[in-house]
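Structure record follows, encoded as structure tokens.
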Amino acid sequence: MKKTLILIIATVGYLSWLQLFASQTLPVPRAQAESRLINPHLGTICKATAAISFGRNFRIMQLDKVDEQGVAWVHYLRPSDHSRWAIRCRLQEDRVIWMADNPDSDARWRIGPDDEKITWRISEDNLTLRLVYPDGSGDEQTFQLE
């Protein structure tokens, strides 16, 4: 009888602890939390940014990686001489911030008042980029999402 009572008390205590534990919101590991904030279309947005910025075909752009800080690395081989050109991109709300990633580049994020501004939007299966230079001129292109 005593053993049965102790077993019942232990079981009830254990089940109560399980219910309490199950109702808690557990912290998400930092790497997982950060990866949730990365736009799943970042690679495509960066490829489109390179295409519109350099007047190249979107299809020649290659996504190298998207890192844990939310930066996409893209490159292409220039058809005329097969030289490699690369950029990095990150998103700031609806704006694409990019920098050249070549050995002889100044490696600065294009966020200054004299830099072009590139914004993006997604509608259905289409990605539209709008590039505006400081003088107000620019371009708008729509790309099919991958």
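The values are calculated or read from the model by the stated rules, or taken from the named source; none is laboratory data. Keep in mind it's a predicted model, so treat the numbers as computed, not measured. Quick reminder, even Gly has a Cβ in these numbers, built from the backbone with ideal geometry, and neighbours come from all protein chains shown. These area figures cover heavy atoms from the full protein model, side chains too; ligands, DNA and RNA do not enter into them. Shrake-Rupley method; radii C 1.70, N 1.55, O 1.52, S 1.80 Å.
Here the range 41-146 is treated as a sphere whose radius is the Kirkwood value from Cα pairs; by Stokes-Einstein at 25 °C and 0.890 mPa s it diffuses with a coefficient of 176 µm²/s. Ranking of VAL96, VAL66 by solvent-accessible surface, largest first: VAL66, VAL96 (1.4 Å probe, protein heavy atoms only, all chains present).
Taking all protein chains as shown and a probe of 1.4 angstrom, SER137 keeps an accessible surface of around 50 Å². Ordering LEU37, LEU77 by accessible surface, largest first, gives LEU37, LEU77; the 1.4 Å probe counts only protein heavy atoms, with every chain in place. Put a dot 7 Å past the Cα of HIS41, heading toward its Cβ, do the same for GLU68, and the two dots end up 2.7 nm apart. Multiplying the residue separation of HIS82 and ARG56 by 0.36 nm and subtracting their alpha-carbon distance yields 8.0 nm. Counting only protein chain heavy atoms and rolling a 1.4 Å probe, the accessible areas of TRP120, TRP85 rank, largest first, as TRP85, TRP120.
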